[in-house]
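Since every read-out is calculated from the coordinates, none of them should be taken as a lab result. This structure is a prediction, so every number in the text was calculated from the model and none was measured. As a convention, Cβ positions derive from the backbone with ideal geometry for all residues, glycine included, and neighbour counts pool all protein chains shown.
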Amino acid sequence: MKDMTDQVKEIATKLLESGQVDVFMAWEKGDAPHQSKPFFARNVADVEKIIFDEYCIHNLSTYLTRFRDGKEKIAIVVKGCDSRGVVRMLEDHQMKRDRLHIIGINCPGMKDPLEAMKQHSGFERETGEKGLAIKCLQCMQPNPVIYDESLGEIQEPHFKGERFTEVKALEAMSSEERYQFFSEVLSTCIRCYACRQVCVACNCRTCIFDEAKPQWVGRETSVGDNFMYHIVRAFHMAGRCIECGECERVCPVNIPLMLINRKLIKDVDHYFGPYDAGMAYVEGGKPPLSLYKIDDPDDFI
Amino acid sequence: MKILKKNQLDTLWERLARNAELYLPTQKGDQSGFFSYKTLKPEKDTLMLDALNVYLSPKNIVLPQTEMMYSFTHQGQEINLEEVYEDPTPRIIFGLRSCDVKSIDRLDTVFFTRGFVDEYYRSRRENTLLILNACYHPGPNCFCEAMGLSPRESESADIILHDAGEEGYIWVANTEKGRELTGNIEDILEEKEISYPQPRPFTREVDYTGVAEKLKDMFSHPIWHPLSDPCINCGICTYVCPNCYCFDIQVKTRGEEGYRYRCWDSCMYGEYTMMAGGHNPRETGMERFRNRFLHKLEFFTERYGEPLCTGCGRCIAVCPTGINIIEIMEKAKGVEPSA
Ligand code: SF4
Ligand code: SF4
Ligand code: SF4
Ligand code: SF4
Ligand code: SF4
C-alpha cells in the first residue's frame, strides 16, 4: 500500500499547505512494525510521518468529538466502516459537514495491531501470522459512504454468508440458557469502559456511567452491575451502532460486544426499518430511535 | 540443590491447594491471567508457565478490583457496623514473573509506609506467598532491568524457580516463609546438582536514568499534545498494569442495610478528578495522559525512590492506539532542556 501512503500524503500536503484544513487526521507508524497509530498532522512538516498500511484499523471518526467545540477545518481519512462513523457524528450534530474534508479509502481489509502485538509479546502460546481482523472479515461496507475524494479500487465485502447466524442462535436459546450464557461472558468484564471510549456512537458529553449524583450504575465488577452496564450500553447503541467493530476489538477481555450490537441491529431493522445506521447522510435525517412523534403508535412513554 | 521435576507439578499443586488458595498463570478461554487452581478445567484451560507472562496481572489477588470493606445497618442517624471484610485467607501465587513480584513490592510501599497501613491490603498481602518463575527469555516489550530489577532475582519472592528444561525447576527457598513451605513438601523435591540455564539478552535497550529529573520541568511542555493525540483515555493500560493502585470507595444501600466497597479507578478517567462542586482539574484527555506518565516516571520516584513501572510491557501490548511507555521515555529524554 505504498502508493496509497503517497496519495494520502499528497492530499495532506495540498490541504495543509493551502490552509484548506487545520488538522489532517490519518495514521503514523507505531513503535512496532505491525503497529500503526492515529496521527493528527497540523502542518506540512508533519506530513512525512503519515502512512496508510494494513494496520490502519482504528476508526478515526471517534476523534472528531475532540474538535466539536472548535472551528478548525478537519481532513479525515476514512475506510468504509469509519465513514459510517462520520455520518453518525453528522447526524448527532457533533460536527458540521462543511468543517470536514473526507478522504475515503476503499478498504481491502485491515489486520489488527492488537492481535499482532499480543502474538509478538510472548503473552500468547501459539504464534503465527494472523490474517485479516475479525471485524474486517465481518465487514459489509468496505467502501466509504461519504467522501470528498476517494482512493483505491472499489472493494467487495469480505463478509459472505448469513449475517445474523449467531444472533439467531442466541434467540433460539431458552431464557435460562441465555441468562447462563450472559452471566458467563459478562462476568469477566473489567469495566474499563474502553468499549465506550472507542465508540463513535458514544459521543455524549457526560456519560450515564460517569454520573455520580445519582449513580445509575454501580461500579462493582459483579454480575449484577456488569449486566446493568451492558444492558444500558446496549440500549444506547440501538439504531446507532455503525458496526465498525472497534469495541469488540479493543476489549481487553474479549467480551462479544458485536453479538449484542448485532441483536440490536437486527431488531431495529425489523421493527423500525429497513435500517442500517450511518449508511447515508441526509441533512436533517434522523435514525429511528432519535425521533419522537406525538402520534407514536406505542403509548409506553 | 533442590529440584522440582516437572512431572511433580500436579502433585505439588494438589498439596499446596489443600491449605491455601492457589493461583496459576493460565489461559482460560480468551483470557490469560492468574486463576484459582480450583476453577481450572484441564480439558479447557491451558497453563502458561512456559509463556512469557499472562495478560491480566496478579494485582487482583492482593488488591481485588472490587473489594468489600464493611457492611452496616442504620436507623436514622444511628449507624451500626455489621461486618468488616478483611480477608486473611492463605494464598499462594505460583509462577509469577519478577516484574510482577516487584510490582507487589511497590504496592506494599504504597499501602504500608509513610505512617499509614491499609488493613484490607495487609490482611491479604501478609497471607500471600509468592513463587517466582525466573525469566531467561525476556520478551520484545520487556524492560524490567531498566526499571531497576532483576528478572531472575527478587528479595520479596518467597521461592524462586529456575526452569532448567527437561531437568525440571531449580527450587530456591528465598525467605523464611519460603523455607517453611519447602519443609512441608520436601518429599517431592529431588536433590541433584544441575546447571542454571543461560539467559538471553534483552531485545530492546531502555534507559530510565535521568527521566524523572527530565520530566520535572516538562509539565507544561507542548510535546504532551502530540504524544497524547492518539490516546482515547480508555484506561486499559492502568487496569492491566500490575503497579497502578488507584481505587475509589463506594457505597450501596438498600433500605436500612448497606455496604461499602472499593473498586479500581484510573487517572485516565474524567470522573477520577471530578470534584463535588463540578470542577475538574484535569479536564482534558491530554492532562490525564500526562498524569499517568508523570506519576509513574516522576512523582512516584520522587516520593519513594523508585518508579511506578516495573517494565512488564503489558500496557505496550494492550494499548489500542499504540501508546508506548518506552517511546515516551525516549521522547522525554530527547526534548531540549528548558523548552
Ligand atoms: S466490555 Fe470489555 S472494553 Fe467494555 S468495559 Fe468490559 S472489559 Fe472494558
Ligand atoms: S519484564 Fe522482566 S521479569 Fe517481567 S516478564 Fe519480562 S523479563 Fe520477565
Ligand atoms: S494509553 Fe492506550 S491503553 Fe492507555 S488510556 Fe490511552 S489509549 Fe487507552
Ligand atoms: S507502566 Fe506498563 S510496563 Fe510499566 S509496569 Fe505498568 S503495565 Fe508494565
Ligand atoms: S498512573 Fe494513574 S491510575 Fe496508575 S497509579 Fe498513577 S494515578 Fe493511579
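Using the beta-carbon distance between residue B:213 and residue B:113 and R0 = 30 Å, what value does 1/(1 + (r/R0)^6) give for FRET efficiency, to the nearest 0.05?
Numbers: r = 23 Å, r/R0 = 0.77.
Plugging the Cβ-Cβ distance into 1/(1 + (r/R0)^6) gives 0.85.
Between residue B:254 and residue B:188, what is the FRET efficiency for a Förster distance of 41 Å, r being their Cβ-Cβ separation, to the nearest 0.05? List each step's numbers first, then the result.
Numbers: r = 50 Å, r/R0 = 1.21.
That pair, residue B:254 with residue B:188, gives E of 0.25.
Subtracting the Cα-Cα distance from 0.36 nm times the residue separation, let me have the gained length for residue A:97 to residue A:223 in nm, one decimal.
Working: separation 126, 0.36 × 126 = 45.36 nm, distance 4.19 nm.
Gain in length upon complete extension: 41.2 nm.
Where the centroid of each part is defined by its Cα atoms, how far is the stretch B:43-102 from the stretch B:301-339 in Å?
Measuring centre to centre over Cα atoms gives 27 Å.
Using the number of other C-beta atoms within 10 angstrom as an exposure proxy, rank B:225, A:158 with the fewest first.
Working: B:225 14, A:158 17.
By the 10 Å Cβ count, ascending: B:225, A:158.
What's the average, rounded to a whole number, of partner chain beta-carbon atoms within 10 Å of each residue's beta-carbon in B:216-226? Mind dumping the intermediate values first?
Details: counts 0, 0, 0, 0, 0, 0, 0, 0, 0, 2, 7.
That average works out to 1.
Need one number: the % of Cα-Cα pairs in the stretch A:226-294 sitting beyond the 14 Å mark.
Details: 1452 of 2346 pairs.
Within the stretch A:226-294, distances greater than 14 Å cover 62 percent of Cα pairs.
When the helices in the protein assembly as shown are scored as -39500 (n - 2.57) per DSSP H run of 4 or longer and the sum is shared across all residues, what 222 nm value do you end up with, to the nearest 500 deg cm²/dmol?
-8500 deg cm²/dmol
Dipole size in debye (nearest 20) for chain B around its Cα centre, Lys and Arg Cβ +1, Asp and Glu Cβ -1? Kindly include the intermediate steps, with their values, before the conclusion.
Working: 39 positive and 51 negative charges, 101 e Å.
Rounded to the nearest 20 debye, it is 480 debye.
Which value in nm describes the separation of the simple spin-label points at residue A:137 and residue A:213, placed 7 Å from the Cα toward the beta carbon?
Here the answer is 5.0 nm between the modelled labels.
Residues of the stretch B:23-54 with backbone nitrogen within less than 13 Å of a virtual label 7 Å along the Cα-to-Cβ line of residue A:184, please, listed as ranges.
B:29-30, B:41, B:44-45
Hey, can you grab everything whose amide H is under 5 Å from the amide H of residue B:21? Only 5+ residues off in sequence or another chain; H modelled, so Pro and N-termini drop out.
Distant-sequence amide H within range of residue B:21: B:91, B:92.
Given 0.36 nm per residue, what is the gain on full extension from residue A:283 to residue A:153 after removing their alpha carbon distance, in nm? Can you show the working numbers first?
Details: separation 130, 0.36 × 130 = 46.80 nm, distance 2.78 nm.
Value of the extension gain: 44.0 nm.
At 7 Å along the Cα-to-beta-carbon direction for both residue B:44 and residue B:137, put a label point, then send me their distance in nm to one decimal.
2.8 nm
Using a 10 angstrom cutoff on alpha carbons, build the Gaussian network for chain B and name the most mobile of B:51, B:317, B:17.
In this elastic network of chain B, the residue with the biggest mean-square fluctuation among B:51, B:317, B:17 is B:51.
Could you line up A:140, A:95, B:68, B:268 from fewest to most neighbouring Cβ atoms inside 10 Å?
Sorted ascending by nearby Cβ count, the order is A:140, B:68, A:95, B:268.
State the antiparallel share, in %, of DSSP beta bridges confined to the stretch B:4-140, rounding to the nearest 5.
Values: 14 of 22 bridges.
Close to 65 percent.
Hey, if you put +1 on the Cβ of every Lys and Arg and -1 on every Asp and Glu Cβ in the stretch A:2-151, which of A:151, A:63, A:78 ends up farthest toward the positive end of that dipole?
Comparing the listed Cα positions along the dipole, A:63 ranks first.
Which of the DSSP-defined H helices in chain B satisfy a minimum axial length of 15 Å, computed from C-alpha atoms, and a minimum mean Kyte-Doolittle hydropathy of 0.0? Write out the running numbers ahead of the final one.
Numbers: long enough: B:9-19 (16 Å, -0.72); B:98-112 (21 Å, 0.24).
Qualifying helices: B:98-112.
Residue B:179 to residue B:126: extension gain in nm, 0.36 nm per residue of separation minus the Cα-Cα distance?
Contour length minus the Cα-Cα distance gives 17.5 nm.
I need the phi-derived Karplus couplings for the stretch A:33-49: 6.51 cos²θ - 1.76 cosθ + 1.60, θ = phi - 60°, integer Hz, Gly and Pro marked x.
x, 9, 9, 10, 9, x, 8, 10, 7, 10, 8, 4, 4, 6, 4, 4, 7
Exactly which chymotrypsin sites (Phe, Trp or Tyr not before Pro) in the stretch B:115-196 are in a DSSP loop and have at most 12 other Cβ atoms within 10 Å? Provide the component values of the computation, followed by the final result.
Numbers: sites: B:116, B:120, B:121, B:136, B:143, B:169, B:171; in loops: B:116, B:136, B:143.
Of the chymotrypsin sites (Phe, Trp or Tyr not before Pro), the ones in loops of the stretch B:115-196 whose Cβ has at most 12 other Cβ atoms within 10 Å are B:116.
If I take R0 = 60 Å and measure r between the Cβ atoms of residue A:205 and residue B:166 in this structure, what FRET efficiency does the formula 1/(1 + (r/R0)^6) give, to the nearest 0.05? If you can, show how the numbers build up before the last one.
Details: r = 60 Å, r/R0 = 1.01.
Efficiency, from the Cβ-Cβ distance: 0.50.
Leaving out same-chain residues fewer than 8 places away, which lysines sit with a Cα under 17 Å from that of residue B:6?
The qualifying lysines are B:192.
Would you mind working out the magnitude of the charge dipole of the protein assembly as shown relative to its Cα centre, with +1 at each Lys and Arg C-beta and -1 at each Asp and Glu C-beta, to the nearest 20 Debye? Intermediate results must be reported in sequence, preceding the final value.
Numbers: 78 positive and 98 negative charges, 140 e Å.
Here the size comes out at about 680 debye.
In peptide B:264-270, what is the residue-averaged number of other protein chain Cβ atoms found within 10 Å of each Cβ?
Numbers: counts 5, 1, 2, 0, 4, 5, 3.
The mean count of partner-chain Cβ atoms within 10 Å per residue comes to 3.
Longest segment of chain A with no chymotrypsin sites (Phe, Trp or Tyr not before Pro) in a DSSP loop having at most 10 other Cβ atoms within 10 Å? Don't skip to the answer; put the middle values down first.
Values: sites that count: A:292, A:300.
Answer - A:1-291.
Give a quick list of GluC sites (Glu not before Pro) in the stretch A:196-301 that DSSP marks as loop, anything other than H, G, I, E or B, with at most 15 other Cβ atoms within 10 Å.
Answer by residue number: A:211, A:283.
Pick out, in residue order, every one of the GluC sites (Glu not before Pro) in the stretch B:184-285 that is DSSP loop and has at most 16 other C-beta atoms within 10 Å; say none if there are none. Mind showing how you got there, number by number?
Values: sites: B:186, B:190, B:191, B:193, B:205, B:213, B:256, B:257, B:271, B:283; in loops: B:193, B:205, B:256, B:283.
For GluC sites (Glu not before Pro) across the stretch B:184-285 that sit outside H, G, I, E and B with at most 16 neighbouring Cβ atoms in 10 Å, the list reads B:193, B:205, B:256, B:283.
Strictly under 4.7 angstrom between C-beta atoms: which cysteines of chain A have no such partner?
A:56, A:107, A:136, A:139, A:189, A:192, A:204, A:207, A:241, A:251 - these cysteines have no disulfide-compatible partner (Cβ-Cβ under 4.7 Å) in chain A.
Give the separation of the Cα centroids, the stretch A:164-199 to the stretch A:99-143, in Å.
23 Å
For the stretch B:206-339, what does the relative contact order come out to in percent, with C-alpha contacts under 8 Å and a separation of six or more?
On the way: 150 pairs, mean separation 44.6, N = 134.
Taking the mean separation of contacting Cα pairs over the length of the stretch B:206-339, I get 33 percent.
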